[in-house]
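Working notes for the structure below.
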Amino acid sequence: MADLIKAKEPFRFYARLSLSELTGLRAANLGQLLGLIREVPGASIYHHTHRFLQQHQYLSPEPPNDFAYWVSDILGEDELGERLASIDTTQFLNIHSLREKIIQTIESYLKENPAASLRFAREGDEFHFIKSVSFILPTKYVVYDLEEFKEVIEKITIDSIYFHIFEARLRLEKKTNDFSNWIENSLGNKRLADKIAQMDPYTRTLEDLRKTLIQIIEKKLLV
């Protein structure tokens, strides 16, 4: 079967462990928040836009990013909170472009509502910037064809799925996820690679992603 041809290069599964680290930076109003968003490391932007996905893998990933929550619930700027929450993370191929979109959104709001810069969070409610520190560890799994790939997807940890789907694409600035990249370039199956790449991982739990991946691959193997 064409689907079981050996890959040009095997796929090596990695797992990701993450620690949250305080940066020591905090903001009490929108101006301070904007200034710090410009200068904090990309790992901090990543943390505050992906924290929920990392910490609550089995729940539906619907809540807004940390910036949206803070400006809405702490500063009372509901309109800005909605604008920030509506930023579609899947549109961005790297942290830099995501950061710029957040900056532009806040800048635009402040131009329209200059008085908003005068609102301060109460003491103790400041926005504390945190960054994600990742540790990438190799697993024992190495696969050479699509059948082996499916078998490992069925049993690999969700930390591994998270790394290969989310972190590789956005934080490591790849244009697609690791799975699609391997299927297209090592197995030569662009159609299957595109189908996996077209999944919206931000509207699914990690376990849902696993199930969907398995279903897509099983359907291909049956052809």
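The values are calculated or read from the model by the stated rules, or taken from the named source; none is laboratory data. Since the model is a prediction, treat every value here as computed from it, not as a measurement. Positions of Cβ are generated from backbone atoms using ideal geometry, with glycine treated the same way; all protein chains shown enter the neighbour counts. When the accessible area is computed, the model is the full protein with side chains, heavy atoms only, and any ligands, DNA or RNA have been set aside. Shrake-Rupley method; radii C 1.70, N 1.55, O 1.52, S 1.80 Å.
Relative to the dominant Cα principal axis of the chain, helix 30-39 is inclined by about 40°.
3J(HN,Hα) couplings calculated from phi for region 138-147 with the Karplus curve 6.51 cos²θ - 1.76 cosθ + 1.60 (θ = phi - 60°) are, in sequence order, x, 9, 7, 8, 9, 10, 10, 8, 5, 5 Hz; Gly and Pro show x. Residue order by solvent-accessible surface for Leu33, Leu137 is Leu137, Leu33, largest first, with ligands and nucleic acids left out and a 1.4 Å probe.
Across region 84-193, C-alpha contacts under 8 Å between residues 6 or more apart give a mean separation that, scaled by the residue count, equals a relative contact order of 27 percent. Couplings 3J(HN,Hα) for region 15-26, derived from phi with the Karplus relation 6.51 cos²θ - 1.76 cosθ + 1.60 (θ = phi - 60°), are 10, 10, 10, 9, 10, 9, 10, 5, 8, x, 9, 8 Hz, where x marks Gly and Pro.
Taking all protein chains into account, the per residue accessible area for region 66-217 stands at 49 Å² (1.4 Å probe).
Sorted largest first, the spans of the alpha carbon positions of the chain along the three principal axes are 66, 30, 27 Å. For region 179-196, the Karplus equation 6.51 cos²θ - 1.76 cosθ + 1.60, evaluated at θ = phi - 60°, returns couplings of 5, 5, 4, 5, 4, 6, 8, 9, 9, x, 10, 5, 4, 5, 4, 5, 5, 5 Hz by residue, with Gly and Pro reported as x.
Remark on Tyr141: its backbone amide H falls under 5 Å from those of Phe13, a criterion applied only to residues 5 or more positions apart or on other chains, H modelled at 1.01 Å from N. Quick check for you: which residues of region 89-106 have the amide N under 16 Å from the point 7 Å beyond the Cα of Thr212 toward its beta carbon? Backbone N within reach: 89-92.
Share of carbon and sulfur in the accessible area of the chain stands at 50%, probe radius 1.4 Å. From the square roots a ≥ b ≥ c of the eigenvalues of the alpha-carbon gyration tensor of region 147-223, which class results: rounded (a/c under 1.5), prolate (a/b over b/c), or oblate? Oblate is the answer for region 147-223, as a/c is 1.5 or above yet b/c matches or exceeds a/b.
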